[in-house]
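The values are calculated or read from the model by the stated rules, or taken from the named source; none is laboratory data. Keep in mind that this is a model prediction, so the values were computed, not measured. As a convention, Cβ positions derive from the backbone with ideal geometry for all residues, glycine included, and neighbour counts pool all protein chains shown. Surface areas here come from the heavy atoms of the whole protein model, side chains and all, with no ligands, DNA or RNA. Shrake-Rupley method; radii C 1.70, N 1.55, O 1.52, S 1.80 Å.
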Amino acid sequence: MCGIAGIIQFDNQAPQEASLRTMMHKMKHRGPDDNGVFMEDNVGFGFVRLSIIDLSPDGHQPMISSNERYVLVFNGEIFNYVELREELTQKGVTFNTKTDTEVLLNAYIYWGEECMHHFNGMWAFAIYDRMNKSVFASRDRFGIKPFYYLHTDTFFAFCSEIPPLLTLISTKPTANYQSIFDYLAFSRTDQNENTFFNEIKKLQHGSMLKVTNNQVRVEKWYDLKDRVANTETFNDPQEYRELLASAIKLRLRSDVPVGVCLSGGLDSSSIVSVLLKDFNKSDLNTFSAVYEDGQFGDEKRFIHEYTPILKNMHYTSPSAKTLQNDLYHFIRAHAEPLPSTSPYAQYKVMELAKDNVVVTLDGQGADEKLAGYHYFFGFFFKDLLRSARLGKLSGEVYHYMARHRSLYGIKAFIYFLLPENSRTSLRVDEKGYMEASFVERYSMSNAIAGQLYGSNTLKDSLLDHFENKLEHLLKWEDINSMHFSLEARVPFLDYRLVEKTLASSDKWSIRNGITKYILREAMKGTLPEKIRMRQDKMGFGTPQDEWFREPAWQNIITDLLKSNSFRKRGIINPNSALSKYQEHLEGKLNIAKEIWKWIHLELWFREFID
């Protein structure tokens, strides 16, 4: 929806409006339609607007409450704002606009911090109390909308993106090497409050933040595990189907055109099919990344299932050449390293969508709550073993092998049974290119081997993924969409659907070697069978292995690996990397993901740190 920024001084000085406006300018892509600034005493709020709901000037921010006590900056959407406005009106609250922004502000005034539990939406917001001279900030349950901050002895600043905050640092920013280790060893980021910059933190999902008397306090306001423990399970797939349709319907609330990012997978296709069957959206715009027949990542055979029904299907074809052309723009936009080129495919899809719609829907979050990744079979098998359900274990292993003809789930099973230190060591040895001193310093302090891969039950693994893994996907989607002034919405992350699905995971996630079992059953008669029963997992994949064998990329990669800056980092052994890259070129290995990590990390250092 927008971009928010704020500076709170601790030295009795007024924030510099020029500094705030510089931050706003750095993220103008997030809000090209309007902007506003509030300055008072030691507090400054800034806002850039992308108009989605109520396109009139009524949605201008910062918004000041009718009693002039509270000032709000808000990025996101409260999808149930219509119902909340009606509820608050019945309680005697008056409204002057039709915006969800005013609903949020009045909800906070009426309910206080409890207001978040009434919201169905995605948000990051900050409210200044002019009477108490305090700031209250909140982030949505799952981290759909970002909130970064910089906390020094003299000020506290927050923003929707990292680069604007870097303009406030008087010295060069420094790299967080623990984040770099986790990225290289596990291809994971955003599992805690740390970023790749030591100076910049992020408010965790489901958390709130208070600034009072120059003190900053962070607390969790949402406990997913507790909510799931106290939620009833689904009785049948039809109940799931009805709740999914409700989540999609809520996210159609918009005063601008809405489209769908269609990958051809089960999740985004389910959204399209529900929109067609339940809401008769035959004029729907869809946006897809496609490649040449037979290339990895090409999903045309599934996407084309909708060709007879939809008339507004749009396609983009990311390539080695487009990635080369977009490389530096893409790296600057994301501001932190990414572990694969998959987000680049999404970036190109969003670029395609920007000329046709302002809001997109997609299937993010379904894999984490429905055990969609194939390594979840490893957690499932571990769960069955630990609970001594050996007959079911043998049956599920049989079904897995019969359906998938792969050892991946079995390997994941064995990996998850290993001690935590062994899980880390195995990942490091598997890579084979990190400097020994770097590994020795950071391998024992990573949180991933234990928190993300140490779960004992399938349900716990899903909960751990919501806590420690999902957020990086949401971050990439936010950056990719907002870079092109689009708002991305994720129906599968409607909190009602998440809580009930996770509560039902023991029964409905995996059955007879089939993942996402309840979704597949719920989509009978709605989703094309070819898509409903596909067993592979793709998403926005790319043929990156082929890209990095092309001559232009050979030159880029070789020059990078031989550069003095790369050699002096002390992170990746350049000789090992060059040797492995040569094996990739010869087709002996496919390590495209690792190659991309080397590229992005080194170019990130040059762009943001050096």
Discussion item. If I filter the range 192-202 down to residues being in a loop (DSSP other than H, G, I, E, B) and open to solvent by less than 20 Å² (accessible area, probe 1.4 Å), which single residue comes out as farthest from residue 467 (Cα to Cα)?
Written reply: 196
Item to complete: Filter the range 69-78 down to residues that are of a type outside the set (Lys, Arg) and either touching a Lys or Arg at 6+ places or on another chain (Cβ under 6 Å) or without any contact (Cβ under 8 Å) to a residue 12 or more places away in the chain (or both), then give me how many there are.
Response: 2
Fill in: Residues that are open to solvent by 10 Å² or more (accessible area, probe 1.4 Å) and in a loop (DSSP other than H, G, I, E, B), drawn from the range 16-37
16, 33
Discussion item. Going through 389, 332 one at a time, which residue ends up being more than 23 Å from residue 517 (Cβ to Cβ), charged (D, E, K, R) and open to solvent by 60 Å² or more (accessible area, probe 1.4 Å)?
Written reply: 332
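Take the residues in the range 213-229 that are within 23 Å of the chain's Cα centre (by Cα) and open to solvent by 90 Å² or more (accessible area, probe 1.4 Å); name whichever of them is nearest to residue 123 (Cα to Cα).
Start the filter on the range 213-229 by keeping residues that are within 23 Å of the chain's Cα centre (by Cα), which leaves 218-228.
Remaining after also requiring open to solvent by 90 Å² or more (accessible area, probe 1.4 Å): 220, 225, 227.
Details: 220: 15, 225: 21, 227: 19 Å.
Among those that are within 23 Å of the chain's Cα centre (by Cα) and open to solvent by 90 Å² or more (accessible area, probe 1.4 Å), it is 220.
Can you pull out the helices (runs of 4 or more DSSP H) entirely within the range 559-610 that have at least 1 residues that are among the polar types (S, T, N, Q), out of contact with any helix residue (DSSP H, G or I) (no Cβ under 7 Å at 6 or more places or on another chain) and at pLDDT 95 or above?
Those helices (runs of 4 or more DSSP H) span 564-568, 574-585.
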Worksheet entry | Residue that is farthest from residue 409 (Cα to Cα), among those in the range 489-523 that are of a type outside the set (Asp, Glu) and touching a Pro at 6+ places or on another chain (Cβ under 6 Å) | 522
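Yes/no matrix, rows are residues, columns are (1) in a helix (DSSP H, G or I); (2) among the aromatic types (Phe, Trp, Tyr):
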residue: 372; (1), (2): no, no
residue: 388; (1), (2): no, no
residue: 392; (1), (2): yes, no
residue: 397; (1), (2): yes, no
residue: 400; (1), (2): yes, yes
residue: 406; (1), (2): no, no
residue: 427; (1), (2): yes, no
residue: 441; (1), (2): yes, no
Discussion item. Looking at 98, 133, 172, can you tell me which residue is basic (Lys, Arg) and closer than 23 Å to residue 30 by Cβ?
Written reply: 98
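Each row is one residue, and each column tells you yes or no for (1) outside any helix (DSSP H, G or I); (2) buried (at least 19 other Cβ atoms within 10 Å of the Cβ).
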| position | (1), (2) |
| --- | --- |
| 164 | no, yes |
| 172 | yes, no |
| 181 | no, yes |
| 185 | no, yes |
| 190 | yes, yes |
Item to complete: Count, please, the residues in the range 575-604 that happen to be open to solvent by 10 Å² or more (accessible area, probe 1.4 Å), of a type outside the set (D, E, K, R), closer than 18 Å to residue 438 by Cα and in contact (Cβ under 8 Å) with a residue 12 or more places away in the chain.
Response: 1
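In this structure, is residue 249 in contact (Cβ under 8 Å) with a residue 12 or more places away in the chain, more than 17 Å from residue 369 (Cα to Cα) and of a type in the set (Lys, Arg)?
yes
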Discussion item. If I ask for residues that are open to solvent by 10 Å² or more (accessible area, probe 1.4 Å), hydrophobic (A, V, I, L, M, F, W, C) and farther than 17 Å from residue 357 by Cβ, which ones from the range 257-282 would you list?
Written reply: 266
Item to complete: Would you check which residues across the range 303-329 are among the aliphatic types (A, V, I, L, M) and surrounded by 15 or more Cβ atoms within 10 Å (Cβ to Cβ) and list them?
Response: 303, 310, 313, 320, 323, 327
Worksheet, complete the sentence: Matching residues in the range 49-68 (surrounded by 16 or more Cβ atoms within 10 Å (Cβ to Cβ), free of Cβ contacts under 8 Å to residues at least 60 places away in the same chain and of a type in the set (S, T, N, Q)) number 2
Fill in: Leading residue by the ranking (farthest from residue 281 (Cα to Cα)) among those in the range 505-550 that are buried (at least 21 other Cβ atoms within 10 Å of the Cβ) and of a type in the set (Phe, Trp, Tyr)
548
Discussion item. Would you confirm whether or not the range 284-296 contains a residue that is out of contact with any helix residue (DSSP H, G or I) (no Cβ under 9 Å at 6 or more places or on another chain) and surrounded by fewer than 22 Cβ atoms within 10 Å (Cβ to Cβ)?
Written reply: yes
Item to complete: Output yes when any residue across the range 159-171 is touching a residue at least 60 places away in the same chain (Cβ under 8 Å) and over 13 Å from residue 23 (Cα atoms), and no when none is.
Response: no
Worksheet item: Which of (1) crowded, with 24+ Cβ neighbours inside 10 Å; (2) assigned to a loop (DSSP other than H, G, I, E, B); (3) of a type outside the set (Lys, Arg) is the odd one out, the single condition residue 124 does not satisfy?
Response: (2)
Fill in: Every pair of residues 6+ apart whose Cβ atoms lie under 6 Å, when the first sits in the range 472-487 and is on the phi < 0 side of the Ramachandran plot and open to solvent by less than 20 Å² (accessible area, probe 1.4 Å) while the second is charged (D, E, K, R) and part of a helix (DSSP H, G or I)
482/30
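For (1) within 18 Å of residue 496 (Cβ to Cβ); (2) of a type in the set (S, T, N, Q); (3) touching a Leu at 6+ places or on another chain (Cβ under 8 Å), each residue gets a yes or a no:
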| site | (1), (2), (3) |
| --- | --- |
| 60 | no, no, no |
| 63 | no, no, yes |
| 66 | no, yes, no |
| 72 | no, no, yes |
| 77 | yes, no, no |
| 86 | no, no, no |
| 101 | no, yes, yes |
| 116 | yes, no, no |
| 121 | yes, no, no |
Worksheet item: When only residues in the range 1-14 that are more than 30 Å from residue 95 (Cα to Cα) and at pLDDT below 95 count, which is most open to solvent (accessible area, probe 1.4 Å)?
Response: 12
Worksheet item: Are there any pairs, at least 6 apart or on different chains, whose C-beta atoms fall under 7 Å, with the first in the range 25-48 and under 12 Å from residue 160 (Cβ atoms) and the second open to solvent by 20 Å² or more (accessible area, probe 1.4 Å) and of a type in the set (Val, Ile, Thr), and if so, which?
Response: 26/167; 46/37
Discussion item. If residue 149 satisfies all but one of (1) open to solvent by 10 Å² or more (accessible area, probe 1.4 Å); (2) out of contact with any strand residue (DSSP E or B) (no Cβ under 8 Å at 6 or more places or on another chain), what's the number of the condition it fails?
Written reply: (2)
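A quick yes/no check of all residues on (1) open to solvent by 10 Å² or more (accessible area, probe 1.4 Å); (2) charged (D, E, K, R); (3) modelled with pLDDT of 95 or more:
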site	(1), (2), (3)
418	yes, no, no
421	yes, no, no
426	yes, no, no
449	no, no, no
452	no, no, no
457	yes, no, yes
467	yes, yes, no
